[in-house]
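Encoded as structure tokens, the structure appears first; notes follow it.
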Amino acid sequence: MTSATLLTPARTPSRPRGDRPGPAARADERAYIRLLAVLDTAVLAVAILVGYVARFGDEEPSGSEIPYVVVAPGLLLAWLISLRVLRCYDDRVLGYGADEYRRVSSASLRLAGGIAITGYIADVGVSRGFLAISFAVGTVGLEVARFAARKRLHRARDRGTGWSRKVLVVGDTAHVLELVHTLRREPYAGYHVVGACIPDALLAPVPQRLGDVPVVGSFRGIPEAATAIGADTVAVTASGELTATRLRRLGWQLEGTGVDLVVAPALTDVAGPRIHTRPVAGLPLIHVEAPEFRGARKLVKGLVDRSLSFVALTLLLPLLVVIALAIKLGSRGPVLFRQTRVGQGGEEFGVFKFRTMVVNADALLAELAARNETDGLMFKMRDDPRVTRIGRLLRKWSLDELPQLVNVLLGQMSLVGPRPPLPSEVARYDGDVARRLLVKPGMTGLWQVSGRSDLSWEDGIRLDLYYVENWSLAADLTILWKTFGAVVNSRGAY
């Protein structure tokens, strides 16, 4: 497999934790970490209790030299220590990404393995059933509690009230604006831009702003600027003046200040599993693996798609019959709507949907073209007069998409993938957008769980291309899970 290689400076080295900028933000951060500690303690206490009751019930435990009144608190304490040692409360992984969940699982599994080995060597007669049940319930409970806490944090961040990092962005003006736009596109990630530093040559004697972001200094005084505005993170983006030597010195200057240094490389929209960092000649080289469009994983994906679609069609058959009757009684015309769409490799196929519009909807489209509410090549209208009464209900809950399970079963679509485009849209694709056709279109995808019709054309294409380049079975399962939430909340459905 071919790979691309580019250079990027590393993150700042480990530094001592002292007083950190942004006292209000840090207070919110500490409050969130305390909440996680309380949740973890409660979950583990319940898990250990469940393990005890499930194993012994009303019986008196026997065969152990250590009483369970000591074993249970000891296990709880050891579990909490394991979470702390594996840095499950590190603010750099909390609130975003999968690393937090991996660390929680790793802490639990390592502790379970350590106890099993110790018990075998020391011949301690603690019930294996008690330990197995406690660890199973506790590990799942920790993950669920972390997920619930994260969702609460994301909602608070979307409202502008949750704990977020205060970011000073450093770089050329164009790259600063691009990074600011990227960070603001997903506020739940917790990076709030509070200022920018630009090259000395672009600094004016009067106060400047990049959009609504104040320019607070140049490259000569980045640490001082971060302190002045209370930033706790310096995000460095591309600039010709920021050489590797200057960036390394900036890392040294920030050591011990409590300010994190992060680097935003020019390479974007590449998922972590495709990135591998290897030191070569003292330089951290980022190796980017090429996307995978065929092979064993693709065969497994196809098998999973067809199996799940068959099971779903079988289970949903009564609902499909009810919807069909409602459409037939609600308006004149066929129950199903078959429309030509473009699939993998540019091959056309007929996509099935429950009919949600009047029978002459295509003929009326020209009259409504001027009222299009989206940019790009798609037509979207919030109060489209062509949609029937039952059609609005079906669209609200995405029930009109269910017949596409037949397309998945036939191998024309996947459960997860880019939105299937119309031939008229594909005819106007440029080279980049055409990469959407490298994989099968999907019933749902990143566009579905990120806002659907509320997204701009540009953001929708960006998400589709990200999926094409970085798909995985684990990501598919995550998107399917998030789809239920998007459907229940009716986000972007019209």
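Is it the case, given these coordinates, that residue 51 is assigned by the TED database to the domain that holds residue 146, open to solvent by less than 80 Å² (accessible area, probe 1.4 Å), within 26 Å of the chain's Cα centre (by Cα) and not basic (Lys, Arg)?
In short, no.
Have a look at 108, 134, 82 and point out the one that is touching a Ser or Thr at 6+ places or on another chain (Cβ under 6 Å), open to solvent by less than 80 Å² (accessible area, probe 1.4 Å) and in a helix (DSSP H, G or I).
Just one listed residue meets the conditions, 108.
Considering only residues that are in a helix (DSSP H, G or I), within 22 Å of residue 291 (Cα to Cα) and not hydrophobic (A, V, I, L, M, F, W, C), which ones fall in the range 425-444?
Scanning the range 425-444 gives 435, 436.
Of all the residues that make up the range 200-237, how many are within 19 Å of residue 254 (Cβ to Cβ) and among the aliphatic types (A, V, I, L, M)?
10
Does any residue in the range 207-219 that is among the charged types (D, E, K, R) come within less than 7 Å, Cβ to Cβ, of a residue that is surrounded by 17 or more Cβ atoms within 10 Å (Cβ to Cβ) six or more places away or on a different chain, and which pairs are these?
209/215
Would you call residue 117 open to solvent by 60 Å² or more (accessible area, probe 1.4 Å) and either in contact (Cβ under 8 Å) with a residue 60 or more places away in the chain or in a helix (DSSP H, G or I) (or both)?
When the stated conditions are applied, residue 117 passes them.
For the range 316-347, which residues satisfy the criterion of being within 22 Å of residue 418 (Cα to Cα) and open to solvent by 90 Å² or more (accessible area, probe 1.4 Å)?
Selection gives 338, 347.
Residue 228 versus (1) within 31 Å of the chain's Cα centre (by Cα); (2) farther than 24 Å from residue 465 by Cβ; (3) free of Cβ contacts under 8 Å to residues at least 60 places away in the same chain: which is the lone unmet condition?
(1)
Filter the range 286-300 down to the residues that are open to solvent by 40 Å² or more (accessible area, probe 1.4 Å) and aliphatic (A, V, I, L, M), then identify the one that is modelled with the lowest pLDDT.
Looking at residues that are open to solvent by 40 Å² or more (accessible area, probe 1.4 Å) and aliphatic (A, V, I, L, M), I get 296.
Cβ-Cβ distance below 9 Å, separation of 6 or more or different chains: which pairs start in the range 389-400 with a residue that is within 12 Å of residue 358 (Cβ to Cβ) and end on one that is β-branched (Val, Ile, Thr) and not in a loop (DSSP other than H, G, I, E, B)?
390/323; 390/327; 391/327
Somewhere in the range 126-148, is a residue of a type in the set (A, V, I, L, M), over 25 Å from residue 447 (Cβ atoms) and in contact with a Phe, Trp or Tyr (Cβ under 6 Å, 6 or more places away or on another chain)?
No, that holds for no residue.
I'd like to check something: does the range 44-58 contain any residue that is more than 30 Å from residue 152 (Cβ to Cβ) and assigned to a loop (DSSP other than H, G, I, E, B)?
yes
Please state which one of 180, 194, 176 is crowded, with 20+ Cβ neighbours inside 10 Å and either assigned to a strand (DSSP E or B) or aromatic (Phe, Trp, Tyr) (or both).
Only one candidate passes the filter, namely 194.
I'd like to verify a number: residues in the range 406-424 that are assigned to a helix (DSSP H, G or I) and open to solvent by 10 Å² or more (accessible area, probe 1.4 Å), how many?
Going through the range 406-424 one residue at a time, the tally reaches 4.
The values are calculated or read from the model by the stated rules, or taken from the named source; none is laboratory data. Keep in mind the model is a prediction, meaning the values are calculated, not measured. For neighbour counting, all protein chains shown are included, and Cβ atoms are generated from backbone atoms with ideal geometry for every residue, glycine included. When the accessible area is computed, the model is the full protein with side chains, heavy atoms only, and any ligands, DNA or RNA have been set aside. Shrake-Rupley method; radii C 1.70, N 1.55, O 1.52, S 1.80 Å.
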